[in-house]
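Throughout, read-outs are computed from the coordinates displayed, never taken from laboratory work. Values in this document were obtained by computation on a predicted structure and should not be read as measured data. Every residue, glycine as well, gets a Cβ built from its backbone with ideal geometry; the counts of neighbours run over all protein chains shown.
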Amino acid sequence: MLDIGTKPQDDSIRKLYKYMRQDQNKNCGGCCGEIEVDLKNNKNCFSYLLKAAQFYEYKLSHTPDKACESFFGFNSVLPGAYCLFNWEAIKGGPMDAFFKLVNRKEPPSCSEANEYLAEDRVMCM
């Protein structure tokens with residue numbers, strides 16, 4: 001999955017696919033690449049400063065959170081801007097849980113609706 005505006009490097013998608021195809025990673029439900037702000041091709045100083053601040057804020061807040069989650073063996077959300085899911089590893093239980101709101105007649109509570117808001121949250125189920 002790629003968000004709009006995300007530009008992968010030349011061989012990055014192949015690297016994710018290759019990782020998921022390795023025998024020791026057959027049960028891995030998803031993996032993601034690192035995303036960065038493109039600091040090249042700025043038209044003016046303000047544009048560069050704005051992008052640099054965005055990049056700094058993202059790295060400062062996001063990187064320690066994901067490292068800590070990974071240390072404990074749980075990622076709450078894969079970065080949806082650039083990730084790959086392994087259908088064989090997540091079919092069944094996680095996907096059934098994700099689509100449970102589609103098949104029921106009563107509306108979900110606020111917390112249920114938020115829990116199933118985005119496809120990148122499938123991994124935390």
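Relative contact order of the chain, taken over Cα pairs closer than 8 Å and 6 or more residues apart, is 36 percent. Determine the alpha carbon to alpha carbon distance for each of 15/100; 66/105; 15/91 and list only those over 31 Å. In this structure, 15/100; 66/105 lie more than 31 Å apart at Cα. Taking Cβ atoms as reference points and 13 Å as the exclusive limit, the residues near residue 13 contribute a net charge of +3, counting Lys and Arg as +1 and Asp and Glu as -1.
Using the empirical formula 2.2 N^0.38 Å as the baseline, the Cα radius of gyration of the chain reaches a ratio of 1.26.
Of the candidates 42, 86, 25, which one comes out as most mobile in a Gaussian network treatment of the chain with C-alpha springs shorter than 10 Å? It is 42. Classify segment 1-68 from the C-alpha gyration tensor, please: rounded if a/c falls under 1.5, else prolate or oblate depending on whether a/b exceeds b/c. Cα axes put segment 1-68 in the oblate bin. Taken about its Cα centre, segment 1-91 carries a charge dipole of about 200 debye when Lys and Arg each add +1 at the Cβ and Asp and Glu each add -1 at the Cβ.
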